[in-house]
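Shown next, in structure tokens, is the structure this report addresses.
The values are calculated or read from the model by the stated rules, or taken from the named source; none is laboratory data. From a predicted model like this one, the values you see are computed outputs, not experimental measurements. Cβ sites come from the backbone with ideal geometry, for glycine too, and all protein chains shown count toward neighbours.
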Amino acid sequence: MVLDLFRSRTSLEAEVVALRQQLNVLRRSAPKRPALSRLDRLILILLYRVAPSVLDAVTIVRPETIVRWHRAGFRAFWRWKSRTRRAGRPQVPLKVRRLIREMSLANPFWGAPRIHGELLKLSINVGQTSVAKYMARRRRPPSQGWRTFLFNHAEGIASIDLFVVPTISFRLLYGLLILKHDRRRILWIDVTAHPTAEWIARQVNEACGWDSAPQYLIRDRDGVYGEIFTRRLRAMGIRDRPTAPRSPWQNGHAERLIGSIRRESLDHLVILGERHLRHVLRCYTEYYNAARTHLSLAKDAPISRAVQDVGSIVPLPILGGLHHHYVRI
């Protein structure tokens with residue numbers, strides 16, 4: 001190629017014509033596709049870069065093929081160049097991505113603009129498009145969870161249930177409790193040896209009164225809840241909601257409370273009589289409502305306790321020391 005620079009133009013043109021004639025002969029005798037090495041392709045591409053008109057002299061491949069090779073090399077070059085420089089939008093930290101997902105799951109009605117605004121108030125600078133990218137995807141429209149649904153309706157729901165307690169003489173006594181669902185507060189608890197519908201209706205009246213009655217009262221299908229009881233509920237504006245047969249889990253709050261009463265007091269005492277049982281249950285009710293913490297209430301009592309940070313800690317015995325209430329004085 002260097003020596004061709006010093007040759008005459010007539011000699012070069014004659015050589016070019018001879019080479020073209022030889023290529024035409026070879027193409028007629030070998031119609032199969034020729035195999036080109038990477039070096040051959042590189043030489044053809046470089047010639048195309050220097051003089052695009054060289055495509056008119058190429059016969060073993062099509063001009064479109066050389067153009068395709070050139071474009072492929074262009075893409076490979078810029079792919080390599082972008083990878084080495086690591087250009088583009090900065091990556092969102094993993095901690096922020098998890099926070100965006102948690103916020104979208106906890107607030108199903110929030111969109112990307114609302115979450116982006118909350119993040120800005122938390123001094124987290126991230127783009128709104130990035131927030132939309134890392135939000136949780138839902139196949140269905142957003143809906144509140146069962147926990148939120150039940151919590152918003154718990155204020156108007158109460159439950160009632162009876163439980164049996166044997167005395168020292170093997171006599172059976174019946175305890176009645178009425179529980180408010182919003183703060184797990186015991187509205188009323190009492191004891192009788194002969195429960196009747198009239199007695200239970202009177203207990204509901206004593207517990208709820210005529211002004212602060214719940215909207216719904218959940219109970220089981222015990223035969224002791226007679227017509228007198230249901231009429232009293234209707235007169236008080238309470239809707240009676242009996243559970244399905246053999247389904248104690250439908251009155252789960254009351255059943256759980258009865259279990260707590262047994263585990264934390266009655267299983268450790270021998271009941272002497274009706275008066276003794278009433279005293280034990282009312283002492284436990286005061287402790288349960290005012291002092292005992294609950295997981296469902298964020299470690300608070302049904303009647304909210306104030307946090308005390310001044311004074312010495314003093315334990316107050318409950319039920320003779322079976323439990324203790326710790327206060328600062």
When you look at P317, is it within 30 Å of S169 (Cβ to Cβ) and over 33 Å from the mean Cα position of the chain (by Cα), yes or no? yes
Considering only segment 176-184, I want to know if a residue exists there that is surrounded by fewer than 16 Cβ atoms within 10 Å (Cβ to Cβ) and not in a loop (DSSP other than H, G, I, E, B). no
Residue list for segment 208-237, restricted to those being within 19 Å of I189 (Cα to Cα) and touching a residue at least 40 places away in the same chain (Cβ under 8 Å): C208, P214, Y216, L217, I218, R219, D220, D222, V224
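Going through V314, V307, V327 one at a time, which residue ends up being in contact with a Leu (Cβ under 9 Å, 6 or more places away or on another chain), at pLDDT below 90, surrounded by fewer than 16 Cβ atoms within 10 Å (Cβ to Cβ) and not assigned by TED's automatic domain parsing to the domain that holds G259?
The unique qualifying residue is V327.
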How about segment 240-270: which of its residues are crowded, with 19+ Cβ neighbours inside 10 Å and more than 25 Å from L150 (Cα to Cα)? S265, L266
Report, by residue number, each residue of segment 212-239 that is in contact with a Phe, Trp or Tyr (Cβ under 8 Å, 6 or more places away or on another chain) and surrounded by fewer than 19 Cβ atoms within 10 Å (Cβ to Cβ). M236, R239
Odd one out for L319, checked against (1) out of contact with any helix residue (DSSP H, G or I) (no Cβ under 9 Å at 6 or more places or on another chain); (2) not assigned by TED's automatic domain parsing to the domain that holds V165: (1)
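With respect to I115, is the statement that it is in contact with a helix residue (DSSP H, G or I) (Cβ under 8 Å, 6 or more places away or on another chain), outside any loop (DSSP other than H, G, I, E, B) and modelled with pLDDT under 75 true?
Details: in contact with a helix residue (DSSP H, G or I) (Cβ under 8 Å, 6 or more places away or on another chain): yes; outside any loop (DSSP other than H, G, I, E, B): yes; modelled with pLDDT under 75: no.
Criteria not met by I115.
May I ask you to say which residue of E274, E264, E255, E286 is acidic (D, E), in the same structural domain as H181 (by TED's automatic domain parsing) and over 19 Å from L179 (Cα atoms)? Explain how you work it out, then say what you get.
Values: E264 fails: over 19 Å from L179 (Cα atoms); E255 fails: over 19 Å from L179 (Cα atoms); E286 fails: over 19 Å from L179 (Cα atoms).
Every option except E274 fails the conditions.
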Output the number of the condition that P108 fails; it satisfies all remaining conditions of (1) modelled with pLDDT under 85; (2) of a type outside the set (D, E); (3) in contact with a helix residue (DSSP H, G or I) (Cβ under 7 Å, 6 or more places away or on another chain). (3)
Among the residues in segment 133-143, are any modelled with pLDDT of 85 or more, under 27 Å from S304 (Cα atoms) and within 33 Å of the chain's Cα centre (by Cα)? no
